[in-house]
Structures are given as structure tokens and as C-alpha cells.
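In what follows, a structure is listed as C-alpha cells, so that the remarks can point back to it.
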Amino acid sequence: MSTKNTHQHFILHKPYGYLSQFVIRTNHKMKLLGDLYDFPEGTMAVGRLDKNSEGLLFLTTDGQMSEDIRSAKFEKEYYAQVDGVMTKTALETLKSGVTIGIEGKLYQTKPCQASILNPQPIFPERTRRIRDERHGPTSWVSIILREGKFRQVRKMTAKVGFPTLRLFRMRIGEIWLGELKPGEIRPIVSFDLK
């Protein structure tokens, strides 16, 4: 039903273990987005999540929309489960920005919003278990960015002494992950990302 000038958009709850792409140039068998759903030709994932990350992935056939969403115009909110109980000092450091390595160079992250999530969110068990309470406490934080460097949230929390154990993208602009289950896809007909 798609015409030449009509673009299609989807949101997906990307499960753990999937790459945010449709093709890969390797002989290794990897789980790709096309294994989850028969997307229309020309569909691209916007703002990839790494293999170990989960949560909201926006997909579109509109290249201009892809550029807009990846820009600083839209907030991206992440929930990170970190090793240890995040301190207020570490949170303030995150908010101010930290220096991380990106492609072999040092990069100063921009100021962001960060807060401890209390009560802690509840997500479905992952196919590969994180760990249990014998290894010490964990905590959850919300981090809201307007940028998205490779593995940025993971590098930021590690820099302040609280490595990320599990990471979800919850929101892009005003689009939320909501009740989507891992692997579930929903076409978006009308939306406002502002």
C-alpha cells in the first residue's frame, strides 16, 4: 500500500543480542532486525543500540527523518542498571559531562540530565542473566541525552565508577517504549516527536 512518496515508520522493542542493522559483512551468524519482522525495502534503524542494549528503536524509510532524530533536536532517555549504588556525587559528575574515549580520541560529553530511579523499574528477565544479589547491590539511573556517541551511556557510567550492567532506551522525543514487549513492533502512522 506504500506509494513512492509515502514513508513508513515503526517502533521496536529491540531485544538483547540483536544488532540494530539488516545486513552484516561477516560469516558469523548474528541476529539482525530482519529476523524479527519483514520490514519494507529501504527501512533503516535510527540511532542504533549495541548488541547488548535493549529498548526503543525507531525505524523509518525516510532518510531526512532519520537525520533529524539523530540530531540534538530530540532527547533520548536511557535507563541503566549499574554495578553498585549510584552516589549523588557521581550523578552530579554525569550531569556536568565526563571525558570518554570515542574512536581513539578523548571526547567531553555535553551536560545532561541524570537521576536515580526509585522505585527501580521492572523489566522482563533477559535471556542471558545479568547476575544475582550475591555479587553486591545494583541501582538504576535515568540519563537523558541530546547526543549519541558509540556506547556513550556505558562509557559515562563506567567513568564515574558505576559500570552499566543492563541498558534500555526508553524514549526518543515524546515517543516512549511503553508496554512493547521484547521483539514487538508497532507501525506508527501519526506522531509528534517534539
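The values are calculated or read from the model by the stated rules, or taken from the named source; none is laboratory data. None of these values were measured; they are calculated from a predicted model. Heads up, the Cβs are rebuilt from the backbone with ideal geometry, glycines too, and the neighbour counts pull from every protein chain shown.
Out of Gly84, Gly42, Gly34, I need the residue that is in the same structural domain as Pro137 (by TED's automatic domain parsing), more than 18 Å from the chain's Cα centre (by Cα) and more than 13 Å from Gly148 (Cα to Cα). Which one?
Just a single option satisfies the conditions, and that option is Gly84.
Taking region 142-177 on its own, how many of its residues are part of a loop (DSSP other than H, G, I, E, B), of a type outside the set (Val, Ile, Thr) and more than 14 Å from the chain's Cα centre (by Cα)?
Residues that pass the stated criteria total 4.
For region 47-59, enumerate the residues that are buried (at least 22 other Cβ atoms within 10 Å of the Cβ) and touching a Ser or Thr at 6+ places or on another chain (Cβ under 8 Å).
Leu49, Leu57, Leu59
Residue-by-condition table, conditions (1) surrounded by fewer than 19 Cβ atoms within 10 Å (Cβ to Cβ); (2) free of Cβ contacts under 8 Å to residues at least 60 places away in the same chain; (3) aromatic (Phe, Trp, Tyr); (4) within 30 Å of Thr43 (Cβ to Cβ):
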{"site": "Glu77", "(1), (2), (3), (4)": "no, no, no, yes"}
{"site": "Gly104", "(1), (2), (3), (4)": "yes, yes, no, no"}
{"site": "Gln108", "(1), (2), (3), (4)": "yes, yes, no, no"}
{"site": "Lys149", "(1), (2), (3), (4)": "yes, yes, no, yes"}
{"site": "Arg171", "(1), (2), (3), (4)": "no, no, no, yes"}
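So which residues in region 110-129 are under 14 Å from Met156 (Cα atoms) and either outside the structural domain of Glu147 (by TED's automatic domain parsing) or in contact (Cβ under 8 Å) with a residue 24 or more places away in the chain (or both)?
Residues satisfying the conditions are Lys110, Cys112, Gln113, Ala114, Ser115.
Here is a yes/no grid of residues against (1) in contact with a helix residue (DSSP H, G or I) (Cβ under 9 Å, 6 or more places away or on another chain); (2) under 19 Å from Ile172 (Cβ atoms); (3) not in a helix (DSSP H, G or I):
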| residue | (1), (2), (3) |
| --- | --- |
| Val23 | yes, no, yes |
| Lys29 | no, no, yes |
| Asp38 | no, no, yes |
| Arg48 | no, yes, yes |
| Lys51 | no, no, yes |
| Phe58 | yes, yes, yes |
| Asp68 | no, yes, no |
| Lys73 | no, yes, yes |
| Gln81 | no, no, yes |
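Taking Gly84, is it in contact with a Pro (Cβ under 9 Å, 6 or more places away or on another chain), surrounded by fewer than 21 Cβ atoms within 10 Å (Cβ to Cβ) and of a type in the set (Gly, Ala, Ser)?
So Gly84 passes the test.
Given Thr164, Thr89, which one is surrounded by 15 or more Cβ atoms within 10 Å (Cβ to Cβ), modelled with pLDDT of 95 or more and either under 27 Å from Asp35 (Cα atoms) or not aromatic (Phe, Trp, Tyr) (or both)?
The match here is Thr164.
Please verify whether Glu67 is modelled with pLDDT under 95, more than 19 Å from the chain's Cα centre (by Cα), loosely packed, with under 12 Cβ neighbours inside 10 Å and not hydrophobic (A, V, I, L, M, F, W, C), treating the condition exactly as stated.
Criteria not met by Glu67.
Can you pull out every residue in region 17-53 that is among the basic types (Lys, Arg) and without any contact (Cβ under 8 Å) to a residue 24 or more places away in the chain?
Matches in region 17-53: Arg25, Lys29, Lys31.
Of the numbered conditions (1) in contact with a Leu (Cβ under 7 Å, 6 or more places away or on another chain); (2) farther than 23 Å from Thr127 by Cβ; (3) aromatic (Phe, Trp, Tyr), Tyr78 fails exactly one; give the number of that condition.
(2)
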